[in-house]
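Below is one structure, written out as structure tokens; the observations come after it.
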């Protein structure tokens, strides 16, 4: 039997983090704070006689160098367009660096709080902000980064989970059948939406990736940037209360359409995209299960109860995908 692979960040010790930052010509003052991130490893690092920096170490083998460069290029284009994002800093003309086998980038530290998404003015501001991001995103496509679509977030995760034995045998038939019905319903939603243009997106646009200050919002963490429909960056900002969604759409799109038209046909994709995210989330946890950080942070994953709940969740989504899309209040 082959030896198990070492954990992906086994060699990323606190000293290795400091050594990586200092390899770019800076001197660290020894302060180091681990920030919340499961996919990558992110640290606030103190710099002598200067403000701290954020060091992001990319998960090995997740993205190619070319794909990371596309993320950085997109951020640079947004910053050039005066869209408030946190772009990587360049050292010796480069934003992606390597040290001791780890690829990393440095970012300026930016503070802020979570946006108050129940406030109509905040939703309109977010809409304006996202429209500006999408205007830049639509200027040209990603060449290396994949799309967010039913194949990459639905069929491929479904097949991988079944092929690697993550579904308990007594639940495999029910989960497989329900997942197939969900994928069929997703296809019908895409048919209803018609030809929807794809553009470069933030890709993981939830409130945790938005920092709000008195000057407004700025987005962080474009690590999941992909090509996809514009509505993907909008629906995760909607409230959990179904009764409040029409008003939220009204304010979000009122801001968005000040800078960019929104095709209401994309509303047919909201529940389909939500379903794809749910399927992909299980896949993401399963693919990372050999990283010691994941069993510690998600102890409920891969239990019988977990998969039973996922079957029920997909069945609920089936019902929602059969309904007419929720539209903005008029």
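Quick note: the coordinates plus some simple rules give every number you see, no bench work behind them. Since the structure is predicted, the reported quantities are computational estimates derived from the model, not experimental observations. Note: ideal-geometry Cβ built from the backbone for every residue, glycine included; neighbour counts use all protein chains shown.
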For the pair residue 319 and residue 22, the simple spin-label estimate (label points 7 Å beyond Cα toward Cβ) gives in nm 6.0 nm
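For region 54-111, what does the alpha-carbon gyration tensor say about shape, rounded, prolate or oblate, given a ≥ b ≥ c as the root eigenvalues, a/c under 1.5 as rounded, and a/b over b/c as prolate?
prolate
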Output row, site residue 300, 7 Å Cα→C-beta label point, backbone N cut-off 19 Å, window region 233-267, residues 240-241
For 242-255, 59-72, ranked highest to lowest by mean beta-carbon neighbours within 10 Å, the order is 242-255, 59-72
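So how much slack lies between residue 191 and residue 89, counting 0.36 nm per residue of separation and subtracting their Cα-Cα distance, in nm? List each step's numbers first, then the result.
Details: separation 102, 0.36 × 102 = 36.72 nm, distance 4.21 nm.
Computed gain between residue 191 and residue 89 is 32.5 nm.
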Note: residue 257 to residue 184 extended length (0.36 nm per residue) minus current alpha-carbon separation gives 23.1 nm
Note: residue 243 to residue 147 extended length (0.36 nm per residue) minus current alpha-carbon separation gives 31.4 nm
Taking only C-alpha positions in the chain, Rg and Dmax in angstrom work out to 20.9, 64
Dividing the helical contributions, -39500 (n - 2.57) per DSSP H run of n ≥ 4, by the residues of the chain yields a 222 nm value, nearest 500 deg cm²/dmol, of -13000 deg cm²/dmol
Counting all Cα-Cα pairs in region 14-108, those more than 24 Å apart amount in percent to 18 percent
